[in-house]
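Reading through the structure tokens given below for one structure.
The values are calculated or read from the model by the stated rules, or taken from the named source; none is laboratory data. In this text the structure is predicted, and so the values were computed from the model without any measurement. Note: ideal-geometry Cβ built from the backbone for every residue, glycine included; neighbour counts use all protein chains shown. Remember, those area values only see protein heavy atoms, side chains included, never the ligands or the DNA or RNA. Shrake-Rupley method; radii C 1.70, N 1.55, O 1.52, S 1.80 Å.
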Amino acid sequence: MTRRPRNITALMATLTSSCLLLAGCTGTEESGGSVSTDGMISHISYAGIGGGSAPQANYNPFLDASQLVATNFVYETLYVIEQNSCKEVPWLAKSYSWRDSRTLVFDIRDGVQWNDGQAFTAKDVAFTFNMIKKHDVLDTKGVWPLLDSVKATGDDQVTFSLKEPGASPFTIINSVRIVPEHIWSKVKDPTKFANAKNPVGTGPMRVKSFNPQQVVTERNPRYWQADKVKVKEVWFKANTGTPEIEQLKMGRGEYDTNGMFIPNVQKSYVDRDPKHHHYWYAPGMVMSVYMNLTKAPFEDVAFRRALTSAFDRGSVARKAQLGYVKTASQTGLVLPGQSDWLPPGTKDGGRVGFDPKAAEKALTEAGYKKDSQGRRLGKDGKPISFKFKVPTAYTDWVAAAEILVKNLKALGLQVELDRTSPEAHDEDRAYGRYDMMFGAHGGDCNMSLGFGHPLGSDGTAPIGKRAFSNEVRWKDKKTDDLLADLRTASSKRDQKKAVAGLVEIMQTEVPMIPIWYGAKWFQYDTTRAVGWPNAKNPYAAGGDNLILLTHLRPARG
């Protein structure tokens with residue numbers, strides 16, 4: 001997880017303005033003066049151009065490292081998986097159905113044109129998928145390991161044959177952007193194709209101009225839902241790479257939206273123009289306490305269960321995270337967006353309250369008694385002593401760790417903060433060189449990946465070898481069986497049944513202890529445009545640009 005170093009003094013100063021912070025989260029928008037006379041927004045500006053440190057005109061949607069951000073407004077997918085609630089939104093496909101558990105059929109939307117005027121067809125979809133199969137370096141989403149074939153089975157129908165039954169590939173299929181056969185079939189080597197001149201897509205915008213400082217896209221008049229797009233141009237401005245300068249530019253209104261961490265966002269951004277400056281930090285990944293499950297006492301489930309009520313998550317959210325975030329559920333789900341996946345009857349969304357007396361009692365009953373000096377003893381009769389590793393540069397993580405270590409010490413545990421660099425921190429977690437530390441997981445709309453990455457045995461490795469994703473080294477046959485059920489389930493009912501089993505594993509076996517949800521940084525300015533998603537109208541995440549662009553409308557004075 002990429003994080004920016006932060007100034008702890010500025011962060012802690014924000015605590016005094018928590019009420020103001022909350023005011024910025026209300027989602028109440030006041031619009032500024034209209035800048036349009038034709039019912040349209042003249043332009044909106046995004047921070048960042050993409051394309052790395054030396055951006056070139058590159059709109060190849062399969063070259064993730066070098067493509068420009070504007071590419072995401074030119075090319076579209078069959079469905080859009082909205083990243084706040086994980087809702088499946090029909091896009092270039094108007095519907096889908098399962099012919100059987102291995103066969104997924106998409107019905108292609110009628111009346112869609114490429115921006116050069118040619119008709120979009122099912123053949124374009126089949127061509128796109130088979131092209132990235134032939135040039136597998138373009139399969140950056142990893143879709144072909146899951147597929148046997150993709151065929152146009154009619155003018156408006158595409159059939160995907162899967163290697164094994166189950167709906168798990170659905171979100172991955174719908175992350176692949178579709179390109180026109182009549183253009184890309186003539187490209188000799190699509191792995192080196194910059195697609196720099198008049199890129200042809202179905203999206204709401206088309207490229208107007210490029211220079212290394214700014215890319216301008218203009219409204220595509222042939223767009224299949226052009227009546228919903230009220231933005232004439234979208235500008236992408238190169239950022240400086242300096243957070244302080246980017247923050248100033250955001251405060252001056254040079255960007256209409258951004259997704260950066262801003263220390264004391266109320267003072268630094270909202271207060272500069274309270275009428276128009278807003279932010280919404282929706283819950284993102286699950287930030288958890290990782291315990292090295294190969295070591296005592298963490299290999300003892302009774303010890304781990306006792307710790308679930310030992311941590312003051314509320315203080316972490318309010319103090320270390322400045323009230324930007326919510327406390328996390330022990331289920332591993334990101335709430336409230338994924339509440340539809342909660343097993344029926346789950347009390348308080350699976351959140352565990354801070355109850356040090358309960359933790360004390362549970363530890364004692366599990367055999368971890370105290371000596372005459374108040375030190376908690378292990379099963380070997382020696383004081384339990386371990387380190388909590390944290391990267392010094394992540395000041396909010398350090399502040400969170402200090403609260404949790406204080407909680408642990410109050411139970412008689414001998415815990416020491418072990419400050420390290422971010423690079424060493426990540427390396428140590430991957431290789432299992434730790435006792436306790438923070439880790440991020442979940443938040444993926446593909447439930448199979450959301451649970452599979454942190455818990456699947458196939459993602460782990462022995463201590464001393466790099467784990468792909470399961471860095472706590474959780475190995476459990478029941479978990480693997482549930483993950484297999486989830487991966488191969490084709491009905492929502494069966495998927496939910498498997499998720500319920502995994503939620504139970506999280507709650508009873510405690511492979512990790514969720515503390516807070518990482519925030520999805522999203523700031524927006526209503527001077528030119530209103531209709532941005534927010535806490536009161538969470539129709540999409542701040543990064544769901546295609547959905548967002550169909551909701552913006554001109555500000556009225």
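Quick check for you: with a 1.4 Å probe and neighbouring chains kept, what is the accessible area per residue of region 176-254, in Å²?
Details: 3910 Å² over 79 residues.
Per-residue value: 49 Å².
With all protein chains in place and a 1.4 Å probe, the accessible surface of region 221-285 carries 50 percent carbon and sulfur. Counting other Cβ atoms within 10 Å of each Cβ, which trypsin sites (Lys or Arg not before Pro) in region 122-208 have at most 14 and sit in a DSSP loop? Hits after loop and neighbour filter: K163, K186, K188, K192, K197. Projected over every direction and averaged, the convex hull enclosing the alpha-carbon atoms of region 283-329 yields 3.7 nm².
Over all pairs of different C-alpha atoms in region 406-485, the reciprocal of the mean inverse distance, the Kirkwood hydrodynamic radius, equals 14.1 Å. Using a 1.4 angstrom probe on heavy atoms only, work out the carbon and sulfur share of the accessible area of region 355-509 in %. Looking at region 355-509 in its full context, I get 49 percent from C and S.
Expressed as a fraction of 2.2 N^0.38 Å, the rule-of-thumb size for a compact globular protein of N residues, what is the C-alpha radius of gyration of region 158-256? Before the final figure, lay out the partial values.
Numbers: Rg = 18.5 Å, N = 99, 2.2 N^0.38 = 12.6 Å.
That works out to 1.47 for region 158-256.
Taking 1 over the mean of 1/r across every pair of different Cα atoms in region 244-391, what Kirkwood radius in Å do you get?
Numbers: mean 1/r = 0.0531 Å⁻¹.
This gives a value of 18.8 Å.
Please sort 372-383, 482-493 by packing, taking for each peptide the average over its residues of neighbouring beta carbons within 10 angstrom, highest first.
Values: 372-383: 12.3, 482-493: 18.5.
The densest-packed peptide leads the list: 482-493, 372-383.
Evaluating kT/(6 pi eta Rh) at 25 °C and 0.890 mPa s, with the Kirkwood radius of the chain over Cα pairs in the Stokes-Einstein relation, gives 97 µm² s⁻¹. Whole-Hz Karplus values for region 236-242 come out as 10, 9, 4, 8, 7, x, 9 Hz, taken residue by residue from phi with 6.51 cos²θ - 1.76 cosθ + 1.60 and θ = phi - 60°; glycine and proline positions read x. Taking every C-alpha pair closer than 8 Å and separated by at least 6 residues, the mean separation divided by the residue count of region 108-164 gives a relative contact order of 35 percent. In straight-distance terms, cross-link reach from K319 covers every one of the aspartates and glutamates whose alpha-carbon lies under 17 Å from its own, apart from those fewer than eight places away in the same chain; here that gives D396, E402.
Note on region 247-308: along the principal axes its Cα atoms extend 54, 17, 16 Å, ordered by decreasing extent.
On the principal axes of its alpha-carbon atoms, region 369-417 has extents of 37, 17, 12 Å, going from largest to smallest.
Please work out the C-alpha center-to-center distance from region 322-384 to region 141-167 and express it in whole Å. Value for the Cα centre distance between the two parts: 43 Å.
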